[in-house]
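The values are calculated or read from the model by the stated rules, or taken from the named source; none is laboratory data. Note that the coordinates shown come from a computational prediction; the quantities given were computed from them, not determined experimentally. We work out accessible area using only protein heavy atoms, side chains counted, and drop any ligands, DNA or RNA first. Shrake-Rupley method; radii C 1.70, N 1.55, O 1.52, S 1.80 Å.
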Amino acid sequence: MTHQVHAFEPPERFVAGTVGPPGERTFFLQARGGGRLVSVALEKVQVSLLAEKLEELLTEAQRRFGVDLPELAPVIGDNEPLDTPVDEEFRVGTLGLAFDVDTATVVIEAIAAGEVEPEVELGDEDDEDEDDDEDEEPDEDLDRLRVRLTPQATRQFIERARRVVNAGRPPCPLCGQPLDPAGHLCPRHNGYHR
């Protein structure tokens, strides 16, 4: 089966965004450039972790390679909605991050979730080791979105991703779960509505 690599090196725009009302939002990474628009769906926690790990990657690049990092700008960057149409190319299963020292850019790779069905085979331990090797190969057959960003563009992406994640339902002050406008069954109140 053929796979597609949607490469934007660099994109005109790369953002995290959502579609739908709070509590029912679908999260997307969207890249635009060269007359192409690619949107991939992912989970809220993946967006949050991506922002966190990108910040760590920039800090590490500065420490190890002396990369000049832009200061956090007080001005809000890209706050526009996702470009339409928002057609999901694939659902992200794995996110990969790297820093290219030669070009001083951050590389983000979103890899599609695999549709591999678990197989059960009976055999000795040597067969299990061979199966582990085969499990690593299907990654090459999965669609992926690859984006290359400057440190400045990476900082802008991080700030927007954090705003998008925090724009959902407010958390319950007792249990931390999102508050639903229709009511919240808080485990800290033994199931009584708050």
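On a per residue basis, the convex hull of the C-alpha atoms belonging to region 1-78 measures out at 171 Å³.
Ignoring ligands, DNA and RNA, please state the percent of accessible area on region 147-187 from carbon and sulfur, probe 1.4 Å. Roughly 57 percent of what the probe reaches on region 147-187 is carbon or sulfur. The string of couplings for region 166-182 from the Karplus curve (6.51, -1.76, 1.60, θ = phi - 60°) is 7, 7, x, 5, x, x, 5, x, 8, 10, x, 6, x, 7, 9, x, 7 Hz, one whole number per residue in order, with x for Gly and Pro.
Taking all protein chains into account, the per residue accessible area for region 147-194 stands at 62 Å² (1.4 Å probe).
Carbon-plus-sulfur fraction of the accessible area of region 13-74, 1.4 Å probe, in percent? That share works out to 51 percent.
Starting from the Cα gyration tensor of region 48-99, take the square roots of the eigenvalues, sort them a ≥ b ≥ c, and report rounded, prolate or oblate (rounded when a/c is under 1.5, otherwise prolate if a/b is larger than b/c, else oblate). Oblate, since a/c reaches 1.5 and b/c is not below a/b.
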